[in-house]
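S.K.: Attaching a single structure in structure tokens format; questions to follow.
Just so you know, all these numbers are worked out from the coordinates, no wet-lab data involved. What you see is a predicted model; the values in this text were computed from it and never measured. Because the Cβ atoms are built from the backbone with ideal geometry, glycine has one as well, and the counts that use them run over all protein chains shown.
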Amino acid sequence: MQILRPDEFEELVADALDGLPDGFGFNNVVVVVEDEREGDPDTLGLYEGVPLTERSHYSGALPDRISLYRIPLCLHAQDADDLVHEIAVTVMHEFGHHVGLEEDRLHQLGWA
């Protein structure tokens, strides 16, 4: 698939974020779009932070970070509809890590 411009891609990410289930939202987390992950250009998304299930005495901390990688997601998708799906799955996957889900559970839920 053709690589979308950053602004077009960010609109799809915003739509995916709007589609998160109620109560599955932000808790000191920021979502950013980057072109690709340095040193690992095949990575679609990355969660960096402390999962909600592991937080205690968690005050004054910088926000967790979810990165979505525009170029690999576009190249991974077969077409525009598949890109929308892949972005949604990647968003759910990374937010799954944020709420403390492990990789095997994310696969069971279809978020991998």
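S.K.: Taking only Cα atoms, what is the 0 to 90° angle, nearest 10, from helix 80-98's long axis to the longest principal axis of the chain?
M.R.: The two axes meet at around 10 degrees.
S.K.: If one takes the longest principal axis of the Cα atoms in the chain, at what angle in degrees, from 0 to 90 and to the nearest 10, does the Cα axis of helix 6-18 lie?
M.R.: The two axes meet at around 50 degrees.
S.K.: Classify region 46-112 as rounded, prolate or oblate, taking a ≥ b ≥ c as the square roots of the eigenvalues of its Cα gyration tensor: rounded when a/c is under 1.5, otherwise prolate if a/b is larger than b/c and oblate if not.
M.R.: Oblate, because a/c is 1.5 or more while a/b does not exceed b/c.
S.K.: Oh, and also: Dipole size in debye (nearest 20) for the chain around its Cα centre, Lys and Arg Cβ +1, Asp and Glu Cβ -1? If you can, show how the numbers build up before the last one.
M.R.: Details: 6 positive and 24 negative charges, 86 e Å.
Result for the chain is approximately 420 debye, rounded to the nearest 20.
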